[in-house]
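Notes follow the structure.
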Amino acid sequence: MTAFFDALETRDVAARDAALAAALPAQVARAKTQAPAFAMILADTDPATVTGRTALARLPLTRKSQLIELQAMQPPFGGLAAVPAGAMAHLYLSPGPIADPEGAGADWWRLARALHAGGFRKGDIVHNCFSYHFTPAGLMFDAGARALGCAVFPGGTGNSEDQARAMARFRADAYVGTPDFLKTILDKGAELKLDLSSCRKAVVSGGALFPALRAEYAGRGVRVLQCYGTADLGLVAYESEAMEGMICDEGVIVEIVRPGTGDPVPDGEVGEVVATTLNPDYPLIRFATGDLSAILPGLSPCGRTAPRIKGWMGRADQTTKVRGMFVHPEQVARVAARHPEILKARLVVTGEAGRDAMTLRCAVEGSGSETLAAAITASLQSECKLRGAVVFTTPYGLPNDGKVIEDARRYD
């Protein structure tokens with residue numbers, strides 16, 4: 001049994017960066033020439049110049065929140081796919097509704113890497129409790145498990161008693177599904193006096209795996225690891241046995257940017273997850289997921305050398321309605337961009353019973369001046385069409401949680 005899925009996981013960091021830099025021009029060119037929406041988004045981009053992360057960071061974002069509108073204008077995939085729908089293997093309709101494609105070929109979503117890190121091996125029987133209906137999660141994990149040579153029971157969601165009986169009947173070695181549903185199955189098995197001791201490992205996604213729940217599983221003899229992905233990108237990052245953050249998949253380039261902008265933040269700072277996929281069928285370039293995370297410094301103790309993120313840390317879309325008007329993170333970012341003295345900004349909305357108040361907290365060097373405060377106040381009103389106060393704080397006076405807009409109103 002090999003510890004790593006392939007040699008890509010342990011290659012030299014410089015070699016990985018060089019390989020990604022070599023792949024980027026062709027991927028950007030494919031998106032620009034084969035996907036109509038990217039032909040417009042990247043109209044001013046010369047693909048040959050996109051040869052690394054710095055150049056990539058200058059390209060525009062395409063936001064997941066835009067997909068519904070884009071797909072309404074150019075069904076089914078908003079002009080982002082590089083091949084026609086009829087050439088795909090499966091078509092999905094996720095909540096939104098958002099159409100998602102799956103191209104032809106084994107393990108198109110690249111989930112095998114995450115399952116291998118979770119200890120899944122050829123000959124294992126995998127109990128799959130992700131949905132196979134309308135959305136891709138069930139088949140994403142199904143394809144990854146079968147690529148490793150596992151047999152898969154397509155359990156889907158719900159029906160805990162039937163799930164427990166099936167797990168006992170087939171003596172499943174492993175589980176994939178949401179973090180909490182495995183507990184439901186194990187508890188039902190105990191109630192029915194079924195032997196579910198064959199299940200010794202799991203890879204979960206689609207929800208929070210709280211430390212207490214992971215510890216409970218460990219006490220029952222099940223090692224549980226997490227992975228993070230989306231229906232658009234496939235696998236983004238996964239846990240290894242080290243359980244120190246999530247390792248970025250080899251098929252995507254992950255950036256963390258300040259919410260409301262496309263600007264990468266320093267390692268360790270919380271921001272929005274942006275990913276560029278190397279998938280030729282659905283070549284998403286700088287796709288802003290709306291999820292929050294942060295890059296962890298250093299390399300994983302497990303020996304894998306790809307960058308690591310902390311995992312899913314919440315949502316980046318913090319659009320808030322104030323006095324009947326929407327205020328967006330992009331507006332806060334534009335206010336900050338007008339004043340180079342602002343190192344970081346956070347709009348705090350307070351008030352009760354509809355009496356909303358806005359305060360823009362600005363991290364600056366020194367104490368700030370009344371002149372600067374007046375200028376920022378004017379910019380805030382101009383950008384948001386709402387009055388707000390300005391308060392200065394130290395460079396490290398704002399929390400590192402990725403929030404650009406904080407809704408601190410009382411609703412009780």
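Brief remarks on what is shown
- Rg/Rg_ref, the stretch 85-200, where Rg_ref = 2.2 N^0.38 Å and atoms are Cα: 1.11
- Per-residue [θ]222 nm for the chain (sum of -39500 (n - 2.57) over DSSP H runs n ≥ 4, rounded to 500): -8000 deg cm²/dmol
- Environment charge at Ala57 (Cβ cut-off 12 Å; Lys +1, Arg +1, Asp -1, Glu -1): +2
- Farthest toward positive dipole pole in the stretch 320-407 [+1 Lys/Arg, -1 Asp/Glu at C-beta], among Leu386, Val332, Gly366: Leu386
- Antiparallel DSSP beta bridges within the stretch 320-407, percent to nearest 5: 60
- The stretch 1-144 - Kirkwood radius from inverse mean 1/r over Cα pairs (Å): 17.7
- Hydrodynamic radius (Kirkwood) for the stretch 7-309, which is based on Cα pairs only, to one decimal in Å: 20.1
- Largest GNM mean-square fluctuation across Val28, Val391, Val203, computed for the chain with C-alpha springs under 10 Å, falls on Val391.
- Per-residue HN-Hα couplings for the stretch 385-391 [Karplus 6.51, -1.76, 1.60; θ = phi - 60°; Hz; x = Gly/Pro]: 6, 9, 7, x, 8, 10, 10
- Rg/Rg_globular for the stretch 320-407, with Rg_globular taken as 2.2 N^0.38 Å and Rg from C-alpha atoms: 1.01
- Fully extending the segment from Thr54 to Ala23 would add 9.7 nm, taking 0.36 nm per residue of separation and subtracting the current Cα-Cα distance.
- Once exposed loop chymotrypsin sites (Phe, Trp or Tyr not before Pro) are cut out (DSSP; at most 11 other Cβ, 10 Å), longest piece of the chain: 1-395
- Check: the stretch 7-309 dipole with +1 on Lys, Arg Cβ and -1 on Asp, Glu Cβ, in debye: 560
- Put a plus charge on the Cβ of each Lys and Arg, a minus charge on the Cβ of each Asp and Glu, and nothing anywhere else: the dipole of the stretch 259-412 about its Cα centre is then about 200 debye.
Read the figures in this text as sums done on the coordinates, not as results from a lab. Just so it is clear, the structure is predicted and the values come from calculations on it, not from any experiment. Positions of Cβ are backbone-derived with ideal geometry, glycine not excepted, and every protein chain shown enters the neighbour counts.
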